[in-house]
Amino acid sequence: MVELPAGARIGELRVVLIDRLRRAGIEEAAIEADLLLGWVLNCDRAGLVLAAEQPLAEPLRQRLQAALKRRESREPLAYIMGEWEFWSLPFAVGPAVLIPRPETELLVEQALAFVRQLQRPPGGRYPWRILDLGTGSGILAVVLAREIASAQVVALDRSPAALAMARANARRHGVAEKITFVGSDWLSALAARPAFDLVVANPPYVCRSAMLTLQPEVREHEPHTALDGGRQGLDDIKIICRDLPAVLRPDGLLLLEIGWDQKTAAAELFNRNPAYRQTEIINDLAGLPRVLRCRKEEC
């Protein structure tokens, strides 16, 4: 691998980075070059512009060289930098968890709209009891704990490494005392009693046959257990549909992220279950089906 030129100015290195990233097949090479340089220099894009004529110190050049090598091998930029943004907040991420996607913010938007509409949980109870199924890096649990003053959140994941990262993110954002983290394969660790007013979940929903078609960043680096939803992509969604009524309070809400091609199949699953009502599919900003929304029957 060709080394980045020693003693080069930051602006010159940016040009080299863009070229190298493009040759590696990375579409947003200019954006990623700025992110890598900003990460190495600990500055924003405006800072990069101001520093364009300055030479990059040798230790920083070596750090940039190592990061570029990893990115050229298609390791995700988020894992290289060790964090990624969600809901305008930085979250620590690593190979044990999925990288936050902007479309998942629709789950947060719908959850907050539900809370604002009712102002208090169904039946007038306080506080809001929220369940985050498959918390991963904890993005949904942390954001909802921050945004909903009276929230008490239970965040489940079967991966100890994911739970450790989620706990660290909760501490980072000052909401650790509002979240209980539980090791659980979906709902298996919870008592069968209706305890939650709101449930959010981003389960694995990629069809197994489609796993090989994913970008190398996803296919080769992100955890398959958080992506592979079985033959039709519905295995884990079926488990949630079957088991959730035991822990969701009457008139409580489920918000479930689904694949863009699962609108009909996912809706039929929940429509066939008499425990649910008002099932609807909400599109994301790209106009694609993204979130299944339904309420539990009131009695």
Candidates Phe114, Phe181, filtered to the one that is more than 30 Å from Gly25 (Cα to Cα), of a type in the set (Phe, Trp, Tyr), in the same structural domain as Glu217 (by TED's automatic domain parsing) and out of contact with any helix residue (DSSP H, G or I) (no Cβ under 8 Å at 6 or more places or on another chain): Phe114
Candidate set from the stretch 36-46 (those that are surrounded by 14 or more Cβ atoms within 10 Å (Cβ to Cβ) and part of a helix (DSSP H, G or I)); member that is farthest from the chain's Cα centre (by Cα): Leu41
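Taking the stretch 18-35 on its own, how many of its residues are under 25 Å from the mean Cα position of the chain (by Cα), charged (D, E, K, R) and assigned to a helix (DSSP H, G or I)?
Final tally of qualifying residues: 2.
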Residues located in the stretch 54-64, provided they are in contact (Cβ under 8 Å) with a residue 12 or more places away in the chain, surrounded by 15 or more Cβ atoms within 10 Å (Cβ to Cβ) and of a type outside the set (A, V, I, L, M, F, W, C): Pro55, Arg61, Arg63
Single residue of the stretch 103-127 satisfying the filter (exposed (fewer than 15 other Cβ atoms within 10 Å of the Cβ) and either in contact with a strand residue (DSSP E or B) (Cβ under 8 Å, 6 or more places away or on another chain) or not in a helix (DSSP H, G or I) (or both)) that is modelled with the lowest pLDDT: Gly123
Test for Ala195: is it at pLDDT 95 or above and within 25 Å of Val154 (Cα to Cα): no
Top-ranked residue of the stretch 168-190 - restricted to ones that are assigned to a helix (DSSP H, G or I) and of a type in the set (A, V, I, L, M, F, W, C), ranked as surrounded by the fewest Cβ atoms within 10 Å (Cβ to Cβ): Ala168
Unique residue being of a type in the set (Gly, Ala, Ser), surrounded by 15 or more Cβ atoms within 10 Å (Cβ to Cβ), within 30 Å of Ala6 (Cα to Cα) and in contact with a helix residue (DSSP H, G or I) (Cβ under 6 Å, 6 or more places away or on another chain) when the list is Ala96, Ala51, Ala78: Ala51
Among the residues listed as Gly233, Gly252, the single one being of a type in the set (Gly, Ala, Ser) and outside any strand (DSSP E or B): Gly233
Selected residue (criterion: surrounded by the most Cβ atoms within 10 Å (Cβ to Cβ)) from residues of the stretch 82-93 that are of a type in the set (A, V, I, L, M, F, W, C) and more than 19 Å from Leu255 (Cα to Cα): Phe91
The stretch 194-226, subset under 14 Å from the mean Cα position of the chain (by Cα) and surrounded by 19 or more Cβ atoms within 10 Å (Cβ to Cβ), residue nearest to Gly259 (Cα to Cα): Tyr205
Every pair of residues 6+ apart whose Cβ atoms lie under 7 Å, when the first sits in the stretch 148-167 and is basic (Lys, Arg) while the second is surrounded by 19 or more Cβ atoms within 10 Å (Cβ to Cβ): Arg167/Phe181
Complete set of residues in the stretch 256-272 that are surrounded by fewer than 18 Cβ atoms within 10 Å (Cβ to Cβ) and in a loop (DSSP other than H, G, I, E, B): Trp260, Asp261
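Does the stretch 65-74 contain any residue that is more than 22 Å from His221 (Cβ to Cβ) and assigned to a helix (DSSP H, G or I)? Outline the logic, then answer.
Of the residues in the stretch 65-74, the ones more than 22 Å from His221 (Cβ to Cβ) are none.
Within the stretch 65-74, none of the residues are more than 22 Å from His221 (Cβ to Cβ) and assigned to a helix (DSSP H, G or I).
The values are calculated or read from the model by the stated rules, or taken from the named source; none is laboratory data. As the structure is a computational prediction, the values presented were derived from the model and not from experiment. A quick note on method: Cβ atoms are made from the backbone with ideal geometry, for glycine too, and the neighbour counts reach across all protein chains shown.
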